[in-house]
Amino acid sequence: MATKTRRRGGGRAGAATRRGTATIEQMPWRLPVNTDRPTEPLDAAGVQAIHEGAMRILEEIGIEFLNEEALVLFKKAGCIVNGTNVRMGRDWVMEMLGYAPALFDITPRNPDRKITIGGNHILFGNVSSPPNYFDLEIGRKVSGSRAQCADLLKLTQYFNCIHFAGGYPVEPVDVHASVRHLDVLYDKLTLTEKVVHAYSLGKERVEDVMEMVKIAGGLSEEAFAARPHMYTNINSTSPLKHDVPMIDGCLRCVRRGQAVIVTPFTLAGAMAPVTMAGAVTLSIAEALSAIALFQYVRPGAPCVIGTFTSNVDMKSGAPAFGTPEYMRATQMTGQMARFYGLPLRASGVCTANVPDGQAMWETSNSLWSAVQSGTNIVYHAAGWLEGGLIASPEKFIMDCEVLQMIQRYMEPQVVDTSPDAIAIDAIREVGPNGHFFGIQHTQDRYESAFYQPFVSDWRNFEAWEVAGSVWTPERAHGLFKDIIAGFEPPPMDEGIREELEAFVVRRKAEGGAPTDF
């Protein structure tokens, strides 16, 4: 990896994260591989029907692109541009999609935390972008702060089942929006060593993040642009629209070799047809229109198609998540992603307002639909509440228990059928009248035979009662406090830290980013 010469040498003590005394025994860092066949509710005719519908939208109805540079590029590519409406032929779209890689890596400042997106990998990220925060100590919903954001970043670093750091885990509204990205990215790059995200909300924010990622990695411009080191995620403005800053940010990223995720946010019955097939078809058309543009600009640019298709509560109009319809839409989009040869992004989401039973069954539904759909990168996998309006550290920790269970579920050891696993000799030794607790076959394996939880309580009611009758969110809150109290940031070269600080100071003095949209 090509690097610039540092002003000061240093302190980077290898790739390992300093963790101090372990608060919990957690599974080691790994990139989980989904070994299950995907759930495919659509037959071949259904896949073709959605593809045909998406192509007809692109050819006959068109997508509104409010970004002037995008309109120029579409004209140059031979698409039909009428004002802000762009219609594009299916042959051109499919040609462009053919350039997109099905598999790529993103390498953060610690190369040992490199992630692979695509294939059978399934990766999990933290909650991103809620404006509000809730924990059991505060006991109510409050606006997010930088300190709360930093605590959630510490959880992002601490848990090995979290593979990348998404957007702000809670919006620090106590920091002015013009410089918020600078402070949060500084915290993110110093408190974590995992892949980070840039908001495509104006050129300044995207360019600042790319520069800070370069600095944190000690990279020259050539080395930075040679492979992905960070990513952005955008949403279309459904129905049928892409806005100015998000397309601008993606164009800036792909021109410098960085990864882009395009995730239409389509709610059936509101911003999309009330039928799930119609909502998925609209979502596919919106995503492919942008991905085709990015491939035209830079063939081979790393792109991911995202799904955020759910439904509204028809009684109130409010979004609903973790529903049966959400699960099916995710599975259907997984089929379409494989049809187009693109990696897939989905989410771990719920509508619940507090970290309770509803929160966990809705989130589990959404996470398992990601598994079933062959999703490669799962946004909001830990900490999401109230349809994305609240971030919660207790929910973060409870979700990480589920994520670890999913990872354990996928380990080859669980379904091992070797002679030792079939265990004929052990069965013969115990016979019909004994038990397996004390035999050597069990003793050799008892420490690693089964998943061990860190927040679930497997004691019976009486033992749980004697121990204080502590409910799951309360246990999670205690773990949150312990993790934060013992947290040690990953090592960073002091010269790099100083360069990051100087960049933030300079960009703040220059005014940061405009806040007029």
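Starting from the residue with the highest accessible area, list S392, S456 in decreasing order, probe 1.4 Å. Write down the numbers at each step before the final one.
Details: S392 0, S456 45 Å².
Greatest to least solvent exposure: S456, S392.
Which links in K203/K395; K141/K188; K188/K241; K141/K203; K76/K241 stretch past 29 Å when you go from one Cα to the other?
K203/K395; K188/K241; K141/K203
Compute the orientation-averaged projected area for region 24-155 from the convex hull of its Cα atoms and round it to one decimal in nm². Please report the intermediate quantities before stating the final value.
Working: hull surface 57.2 nm².
Orientation-averaged projected area of the Cα hull: 14.3 nm².
Could you quote the convex hull projected area for region 121-262, Cα atoms only and averaged over all directions, in nm²?
Details: hull surface 38.4 nm².
Mean projected area of the Cα convex hull: 9.6 nm².
Can you show me the helix-derived [θ] at 222 nm for the chain, built from DSSP H runs with n ≥ 4 at -39,500 (n - 2.57) apiece and divided by the number of residues, rounded to the nearest 500.
Details: 18 runs with 213 residues, N = 517.
That comes out to -12500 deg cm²/dmol.
Can you list, bin by bin at 10 Å, the percent of alpha carbon pairs in region 330-381, starting at 0?
Pair shares across the bins are 29, 46, 20, 5.
Please sort 287-295, 237-245 by packing, taking for each peptide the average over its residues of neighbouring beta carbons within 10 angstrom, highest first.
Numbers: 287-295: 26.1, 237-245: 18.7.
In descending order of packing, they fall as 287-295, 237-245.
Which residue, S310, A513, P169, has the largest displacement toward the positive end of the dipole of the chain when charges sit on each Cβ (Lys, Arg +1; Asp, Glu -1)?
It is A513.
Based on the alpha carbons, how large is the Rg to Rh ratio for the chain when Rh follows Kirkwood? Walk me through the intermediate numbers first.
On the way: Rg = 23.7 Å, Rh = 24.1 Å.
Rg divided by Rh gives 0.99.
Quick one: what Rg and Dmax do you get for region 129-174 from the alpha carbons, in Å?
10.8, 30
When Lys and Arg each count +1 and Asp and Glu each count -1, what net charge do the other residues less than 13 Å away from R146, Cβ to Cβ, add up to? Kindly include the intermediate steps, with their values, before the conclusion.
On the way: positive: K154, R180, K188; negative: D151, E171, D174, D183, D187.
That sum, taken over residues with Cβ under 13 Å, equals -2.
What is the helix-to-structure angle for 393-409, meaning the angle in degrees between its Cα long axis and the longest Cα principal axis of the chain, kept from 0 to 90 and rounded to the nearest 10?
Value to nearest ten degrees: 80.
Determine the order of M276, M314 by accessible area, beginning with the largest, at a probe radius of 1.4 Å.
Working: M276 30, M314 140 Å².
Largest to smallest exposure gives the sequence M314, M276.
Which of F339, A292, G269 sits farthest toward the positive end of the charge dipole of the chain, with +1 on the Cβ of Lys and Arg and -1 on the Cβ of Asp and Glu?
Of the options given, the answer is A292.
Once the dipole of the chain is set up with Lys and Arg at +1 and Asp and Glu at -1 on Cβ about the Cα centre, which of N67, I390, Q26 lies farthest towards its positive end?
The Cα lying farthest towards the positive end belongs to N67.
Using bins 10 angstrom wide from zero, how does P(r) for region 64-128 break down, in % of all Cα pairs?
Reading the bins upward from 0: 17, 29, 22, 28, 4.
Mind listing P(r) for region 217-349? All alpha-carbon pairs, 10 Å bins, whole percents.
So the P(r) values, bin by bin, are 13, 41, 29, 13, 4, 0.
Tell me, what is the FRET efficiency for R255 and E60 to the nearest 0.05, using R0 = 35 angstrom and their Cβ-Cβ distance as r?
On the way: r = 31 Å, r/R0 = 0.88.
In this case the efficiency is close to 0.70.
So how do R113, R445 rank on accessible area, 1.4 Å probe, biggest first, that is with the largest at the start?
On the way: R113 25, R445 80 Å².
I get R445, R113, largest accessible area first.
How far, in degrees from 0 to 90, does helix 68-77 lean away from the longest principal axis of the Cα atoms of the chain, to the nearest 10?
Here the helix axis deviates by roughly 80 degrees.
About its Cα centre, how strong a charge dipole does region 398-517 have in debye, to the nearest 20, once Lys and Arg get +1 and Asp and Glu get -1 at the Cβ? Don't jump to the answer; show the numbers that get you there.
On the way: 10 positive and 22 negative charges, 43 e Å.
It works out to roughly 200 debye.
Please work out the Kirkwood hydrodynamic radius for region 387-478, using every pair of different C-alpha atoms, and report it in angstroms with one decimal place.
16.5 Å
On a 0 to 90° scale, report how tilted helix 324-340 is relative to the longest principal axis of the chain, with both axes built from alpha carbons and the result rounded to the nearest 10.
60 degrees
How large is the Rg to Rh ratio of region 283-391 when both quantities use alpha carbon positions and Rh follows Kirkwood?
When Rh is taken as the Kirkwood radius, the ratio is 1.02.
Between D420 and A509, what FRET efficiency follows from the Cβ-Cβ distance if R0 is 56 Å, with the result rounded to 0.05? Each step should come with its number before you reach the end.
Details: r = 65 Å, r/R0 = 1.16.
That gives a FRET efficiency of 0.30.
With only Lys, Arg, Asp and Glu charged, each at its Cβ (+1 for the first two, -1 for the last two), find how big the charge dipole of region 81-125 is about the Cα centre; round to the nearest 20 debye.
Numbers: 5 positive and 4 negative charges, 32 e Å.
Charge dipole, region 81-125, about its Cα centre: 160 debye, nearest 20.
Magnitude of the Cβ-charge dipole of the chain, K/R +1 and D/E -1, about the Cα centre, nearest 20 debye? Can you show the working numbers first?
Details: 48 positive and 59 negative charges, 276 e Å.
Taking the Cα centre of the chain as origin, the dipole is about 1320 debye.
Accessible area of V179, 1.4 Å probe, to the nearest 10 Å²?
The value for V179 is about 20 Å².
Spin-label point model (7 Å from Cα, Cβ direction): what's the T35 to Y99 distance in nm?
Here the modelled spin labels are 3.9 nm apart.
Provide Rg and Dmax in Å for region 201-276, with only Cα atoms included in the calculation.
15.3, 49
Regarding region 466-517, what is the average projected area of its C-alpha convex hull, in nm²?
Numbers: hull surface 29.8 nm².
Orientation-averaged projected area of the Cα hull: 7.5 nm².
Using only Cα atoms, locate the centre of region 252-317 and the centre of region 458-517, then give the distance between them in Å, rounded to an integer.
31 Å
The values are calculated or read from the model by the stated rules, or taken from the named source; none is laboratory data. The structure displayed is predicted, hence computed values, not measured ones. Glycine gets a Cβ as well: all are built from the backbone with ideal geometry, and neighbour counts include every protein chain shown. For accessibility, only protein heavy atoms count, side chains too; no ligands or nucleic acids. Shrake-Rupley method; radii C 1.70, N 1.55, O 1.52, S 1.80 Å.
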